[in-house]
Each structure stands twice: as structure tokens, then as C-alpha cells.
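All of the numbers you see were taken from the coordinates with simple rules; none came from a lab. The shown structure was predicted, so the numbers you read here are calculated from the model rather than taken from an experiment. Positions of Cβ are backbone-derived with ideal geometry, glycine not excepted, and every protein chain shown enters the neighbour counts.
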Amino acid sequence: MIRSSSLFCIFISALISTAQEPQGFDRLLFHAAPKPLSAEAKTSDWPRMLGPTDDAKSPETHLLHDWGPAGPKKVWEVTKGDGYTSPSIVGDYCVIFHALDEKETVECLHRETGKRYWSFDYPISYQDLLGYANGPRTSPVISGDKVVTLGVTSQLHCLNLNTGKQLWKHNLESEYLVPQEFFGHGATPLIDGDRVFVNVGGKGVKVARGSLNPADKERMAGLASTGVCVAAFDLNTGKELWQMKDDWGSSYACPIMAELHGQKRLLVFAGGESNPVTGGLLCLDPKDGKVYERFFWRADMYTSVNASTPVVIAEKNRVFVTTAYPKGKPIGGIMLEFDKEWKAKEVWRSNKIACHWMTPLYRDGYLYAIDGETERLARLVCFDADKGTEVWHTEVTWKMPIKGQDYNFSILRASLLDVDGSTLCLGETGSLHWLDLSPKGCKELERTQLWIAPHTWSLPVISRGLLYVGQHENDQVDGTQQRFVCYDLRAP
């Protein structure tokens, strides 16, 4: 005979089990299950914005390189709100982050079905100063059973990955006096071990959000005041471990961890709204925030930003940083080499490799990147990473009929992902390409148009043979809403 207490435990266990099963919801459209993974395929999680190694590279293999005119098949899609983010994926969990109905929303979906495990949201009040999306710019970061998000209004949250329960939070705007900046908070946090590193960008004085008036000298002086530029928090408790003060504000580039001369160093490409402009590459000790290097690299233009994440060439103790402003005469990119005291010296510089926000790919001694601040100026370039010389440049263009009329298309300010022996390219208006990039040139191997919508600015995500892409504006031809789409990229 089973006791009533045992029955109660079984009942509760059943409830917990049911609660953990993902459920369908009204914004989900499921298309078809993906093909089975090849037994020989190498797979990987994608726990943060730039992938498992923070350099827009994936170790995945056995991907579909020939998808035909219709492109890869859709597995599922979920309509979304505002924001320029990529999903993050660990195990069966696919975490998305966007602003829906004036709430920043974190949702945990099943990676193969799109069904939802949990949803977490909080209200925000944000109006972009320059008319861009009113949602987050940073992608979720997953480590162990925790997921960390940093919203457009500087709200930092840590949630339990399994349940969505809030573990801790910080309102960086009020705690560190973070201003709105040009496009809100945009530097995705870094998790390393049990620490969360954030390019905070505090100003030390209260600055009203939602104004943009360069002629206001008093306000501009406030924006240049010294506050907390970078801080480290305990991943488990949210407690601040250290802070580094500087007038270099928060940028739109990801902080990354580099190994230089056998030691871990935290690299932050800082630089927010300021007049006169301030910003550049910081090299810090991740243990206590000690500053080893502070290398200025920022365009002398009030409305400029630093947004391209540094590229580390660890075997040579080198770091490449790039920025794209101003139009026509950018300061471009610079290759730095760090000595054993972690001081940087210039190896070379060039204004012909000036990236707006994409992270250049480094492979076999060469850099591949999109040079150019605006769509009109964008070009795909290859640079010799040792000499700093341009090897070639090109524009990937094609014609496409729309409603009986041919239109000229280009990848514009595209994103590049190094995977499966090739380069996956996501064009700015929603085109997807396989490219063969080498010092000999660029060869387009495959192409499809996922949608025709501007601001396709987030790096595509590959995990377990599935491709995840964010559409951040409505389709200009058929009106399809903003969405996250999962495609089957598994080879037969």
C-alpha cells in the first residue's frame, strides 16, 4: 500500500517534470523537423554573441553547402520585437532576447522545435535617439546553469537557465550613472569562470536620458567626466568584485579574454558618447581590474562609436582593433603587439580596413573584413596581417527580380562566420552566402535570399548543424514580421 505522503511526492514530481517540458505558443510557427546529424559531425554550443571562442568561428562540420535556389529549409520561426541580437545556445536551450510590448523579454526555447521552456520580462522606457530599434543590442551570455543579459537601458540580469528565475540584477543606469549614449547600452558582457565582466560606461554624474545636443556644453562636459568604465561581478551572487574608473565610456564591442605572454588579460575596446571624443583599447588584469595598457583609438568625430570587437592573434601577442568613422577618411584599423609588460606598440595601421561593427576574421595570417562606414562605401577586403597591406578588395553583388523588375543587390555591411572549411556570409539585407575566401580572392559558392529587410546586423549562429538568424526589420517586399528563424544546415 502506498502512503499518502509518497503519493504527494509523486504528484509534485510529476508537476515539476511537466513544467520543464517546452510548450508551443502563439508566436511560434513550426515547419519541419531537421535531418539527423551525421555520425561524423563535430558540433558545438554557441553560448555567447561571437561564438564559443569569441572570434566568429565555429568548429562545426558536415554542414549543407549546396542548398539550391530555395535555400536551406526552415525548421521553425518565432516572431519577435525590437533589437539587434543573436540567439545563444547551450544543450537543448536556445535563449533569445528582444523588446516586446515595451518590455525587454528573455525567452528560452527548445533548439529543434522552438517550443518555449520559460519567459522572463521587465518594463523598459526607451526611445532611440537616432531612430533605430527600441530594443537590446547585446546578446544573452550562457555559462553553466546561468544566463546573463544586459538591456538597452543598462539593466543587467542573471537568470537560472533551467527555470528563468531571476537570481540577481543591477540597474547600472542608477547605480553607476550610465547615460543613454547614442544607441543605448550595447556592449555584450563577458563571462569567464565565475566572473561577469561589463563595459559599464558610468559617467560619475547624472545625465538625462533621451537628449542629443552637442551644443549643450554643460551636458557634454558631464559626459566626459570620470565614472566606472569597467566592472567585474560575481556570477553566483551579483556582488561587485572590482571597478575600473575611466572617462572612456561604454562602446558597442564585446569585452574578450586574451592570452598574452601566457597570462589572461581582459581586453575592452571602450568609447562611448563624449566631446571631445575618448576611447580605445584597455588591457586589464581580470583579477582586480589593474590597467596595463590604455591605447587611444577613436575617430575624432562626436557621433563616432567603437563597435568592432578586438581580434586576438595569441601566438604573436597581437591584437587588431578597427573603427569606421568618419565618412571618407576613417582612422581604420591598427595592429598592436604587446610586450611582456603588456604595453602595446604599433605594428601597422591602415584606413582601408575600417569596420563599422563586424568582427574581422583572422585565418592563416590574413584578415578578412567589411571595410566602410556606410552601405555605399562597404567592400570586402583581405589584408596581410603581418604587413598591413591590402591583398585584394571586392564587392559581392548580383541582380534579383522582384515583381517583374530586376534590382541590384550587394552584401553591403555583412557579417562573416568561419565554419566547416568555408565562410558563411550574412548580407545586410538578408542574403545568405557560402564564400571561399583566400589570399587569391573571393569566390561565391552558394547564395539565397532569406528575406529583403534592412538592418540584418547580427552574426548568424551555428549549433548542432542548425542555423539561427535574426530578422530585425519587417520584410520590405512581403511584409513578413521581425523574427528569429532556425534553418536546417545539416548535410544528408
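Taking θ = phi - 60°, what integer Hz values does the Karplus form 6.51 cos²θ - 1.76 cosθ + 1.60 yield along the range 326-340, in sequence order, with x for Gly and Pro?
Along the range 326-340, the couplings run x, 4, x, 9, x, 6, x, x, 9, 9, 10, 10, 9, 7, 6 Hz.
Post the alpha-carbon centroid distance, the range 268-312 to the range 438-472, in whole angstrom.
Rounded to whole Å, the Cα centres lie 29 Å apart.
Filter the trypsin sites (Lys or Arg not before Pro) in the range 400-492 to those in DSSP coil with at most 12 other Cβ atoms within 10 Å of their Cβ, and list the result.
Details: sites: LYS403, ARG413, LYS440, LYS443, ARG447, ARG464, ARG483, ARG490; in loops: LYS403, ARG413, LYS440, ARG464.
In loop regions of the range 400-492 (DSSP not H, G, I, E or B), the sparsely surrounded trypsin sites (Lys or Arg not before Pro) are LYS403, LYS440.
Tally Lys/Arg at +1 and Asp/Glu at -1 over every other residue whose Cβ is under 15 Å from the Cβ of LEU28; what's the total?
Once all neighbours under 15 Å are counted, the net charge is +2.
Please turn the phi angles of the range 114-123 into ³J(HN,Hα) values with the Karplus equation 6.51 cos²θ - 1.76 cosθ + 1.60 (θ = phi - 60°), one per residue in order, whole Hz, x for glycine and proline.
Going residue by residue, I get x, 5, 9, 7, 7, 9, 9, 8, 7, x Hz, with x marking Gly and Pro.
Taking the Cβ of each residue in LEU159, LEU377 as the centre, tally the other Cβ atoms inside 10 Å and list the residues starting with the fewest. Please list the in-between numbers first.
Values: LEU159 24, LEU377 17.
If I rank by nearby Cβ atoms, fewest first, I get LEU377, LEU159.
In whole Å, largest first, what are the principal axis extents of the Cα atoms in the chain?
Cα spread of the chain along its principal axes, largest to smallest: 77, 54, 45 Å.
Once a ≥ b ≥ c are taken as the square roots of the eigenvalues of the Cα gyration tensor of the range 36-89, is the result rounded (a/c under 1.5), prolate (a/b larger than b/c) or oblate (a/b not larger than b/c)? Please report the intermediate quantities before stating the final value.
Working: a/c = 2.02, a/b = 1.12, b/c = 1.80.
It is oblate, given that a/c is not under 1.5 and a/b is not larger than b/c.
Residue by residue through the range 125-132, which ³J(HN,Hα) values in whole Hz follow from phi under the Karplus form 6.51 cos²θ - 1.76 cosθ + 1.60 (θ = phi - 60°), with glycine and proline marked x?
Per-residue couplings from phi come out as 10, 9, 10, 5, 5, 10, x, 8 Hz.
Given the range 23-175, report the % of alpha carbon pairs whose separation exceeds 25 Å.
34
Grab the DSSP H runs of the chain that are 4 residues or longer, score each as -39,500 (n - 2.57), total them, divide by all residues and round the 222 nm result to the nearest 500 deg cm²/dmol.
Rounded to the nearest 500, the figure is -1500 deg cm²/dmol.
For LYS203, give me every one of the lysines with a C-alpha distance below 18 angstrom, ignoring sequence neighbours fewer than eight places off in its own chain.
Within reach: LYS217, LYS245.
Distance cut-off 27 Å, Cα to Cα: go down the list LYS146/LYS316; LYS327/LYS387; LYS80/LYS352; LYS80/LYS327 and report the pairs above it.
Pairs exceeding the cut-off: LYS146/LYS316; LYS80/LYS352; LYS80/LYS327.
Can you list which of the trypsin sites (Lys or Arg not before Pro) found in the range 109-165 are DSSP loop residues with at most 11 other C-beta atoms within 10 Å?
LYS165
Taking amide H positions as placed 1.01 Å from N in the peptide plane, with prolines and chain starts having none, which residues 5 or more places from ARG363, or on another chain, fall under 5 Å of its amide H?
Result for ARG363 returns TYR368.
Report relative contact order for the chain in percent, whole number only (criteria: Cα-Cα under 8 Å, sequence separation at least 6).
It comes to 13 percent, rounded to a whole number.
Where the only charges are on Cβ atoms (+1 Lys, Arg; -1 Asp, Glu), what is the dipole of the range 140-304 about its Cα centre, to the nearest 20 debye?
Once rounded to the nearest 20, the dipole reads 160 debye.
Roughly how far apart, in whole Å, are the Cα centres of the range 402-424 and the range 86-146?
Spelled out, the Cα-based centre of one part sits 26 Å from the other.
Near LYS287, which aspartates and glutamates are there with a Cα under 17 Å away, not counting those fewer than 8 places off in the same chain?
Reachable aspartates and glutamates: ASP192, ASP194, ASP234, GLU240, GLU259, GLU341.
Consider just the alpha-carbon atoms of the range 140-304 and return their Rg together with their Dmax, both in angstrom.
15.5, 49
Mind listing the long-range amide H neighbours of TRP118? Cut-off is under 5 Å, sequence gap 5 or more, other chains count too, H placed in the peptide plane at 1.01 Å from N.
CYS108
In debye to the nearest 20, how big a dipole does the chain give about its Cα centre with +1 on each Lys and Arg Cβ and -1 on each Asp and Glu Cβ?
I would put it at about 220 debye.
Could you line up ASP478, ASP92 from fewest to most neighbouring Cβ atoms inside 10 Å?
Ordered from fewest to most neighbouring Cβ atoms within 10 Å, ASP478, ASP92 come out as ASP478, ASP92.
Select from the range 355-456 those GluC sites (Glu not before Pro) which occupy a DSSP coil region and have at most 14 other Cβ atoms within 10 Å, ordered by residue number.
GLU375, GLU395
Within 10 Å, count the other beta carbons around each residue, average over each peptide in 257-270, 284-297, and list them highest first.
Working: 257-270: 19.6, 284-297: 16.7.
So the peptides 257-270, 284-297, ranked by packing, come out 257-270, 284-297.
Under unit Cβ charges (Lys, Arg +1; Asp, Glu -1), what dipole magnitude, rounded to 20 debye, does the range 36-116 have relative to its Cα centre?
The calculated dipole for the range 36-116 is roughly 180 debye.
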